[in-house]
Amino acid sequence: MNMRERLQAALKDAMRAKEAARLSTLRLINAAIKDRDIAVRGDGQDAGVSDADILGILGKMVRQRQESARAYEEGGRLELAEKELEEISVIEEFLPRQLSAAEVDAAISAAVTEAGATGIRDMGTVMAVLKAKYTGQMDFGAVGPRIKAMLS
């Protein structure tokens, strides 16, 4: 079952169970995917977005909600922060398991070896290898400094 089918099945289940918050989040996910489909269609791809692209969309949605929750907590709006955290938990159901710090370090080492990276200039190549294999499984914003430290 691909990601779209999983999301549609979850949407139908949420409708049947009358879970309003979950249903709202699933609709937001579908809207984001459809937006990307439309953008990709404009580029000449008729197939739409792939599962890897959907994982990227979901990862971006999680990061956005984490930032919003942090801002709400700092502003004293705990009920809004809690709503963002609930949305994160729904979105994360569809993401693969996040790698631990040790697994991330091992993946970076393997990617450096695979790319034949020798210095900072090769950082983009290493990042491309990691994104191809581990989309949705690690935070690439946090991985960048680790790659840089390893290549320095």
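Evaluation of R22 against the conditions (1) touching a residue at least 60 places away in the same chain (Cβ under 8 Å); (2) open to solvent by less than 40 Å² (accessible area, probe 1.4 Å) shows that the sole unmet condition is (2).
Among the residues of the stretch 42-52, are any open to solvent by less than 40 Å² (accessible area, probe 1.4 Å) and part of a helix (DSSP H, G or I)?
So far as the stretch 42-52 goes, no, none of its residues is open to solvent by less than 40 Å² (accessible area, probe 1.4 Å) and part of a helix (DSSP H, G or I).
Within the stretch 58-80, the set of residues being in contact with a Lys or Arg (Cβ under 9 Å, 6 or more places away or on another chain) and either open to solvent by 60 Å² or more (accessible area, probe 1.4 Å) or at pLDDT below 90 (or both) comprises Y72 only.
Here I54, I88 are screened, and the one residue that is at pLDDT below 90 and closer than 20 Å to L11 by Cβ is I54. Only residues that are more than 26 Å from K148 (Cα to Cα) and touching a Ser or Thr at 6+ places or on another chain (Cβ under 8 Å) were counted in the stretch 82-119, giving 5.
Residues that are open to solvent by 60 Å² or more (accessible area, probe 1.4 Å) and at pLDDT 85 or above within the stretch 25-41 comprise R27, L28, K34, D35, R36, I38, listed in sequence order.
The set of residues in the stretch 95-113 that are open to solvent by 60 Å² or more (accessible area, probe 1.4 Å) and among the hydroxyl-bearing types (S, T, Y) contains only T113.
The values are calculated or read from the model by the stated rules, or taken from the named source; none is laboratory data. Everything numeric in this text was worked out from a predicted model, so none of it was measured. Neighbour counts are summed over all protein chains in view; Cβ atoms, including those assigned to glycine, are modelled from backbone coordinates with ideal geometry. Remember, those area values only see protein heavy atoms, side chains included, never the ligands or the DNA or RNA. Shrake-Rupley method; radii C 1.70, N 1.55, O 1.52, S 1.80 Å.
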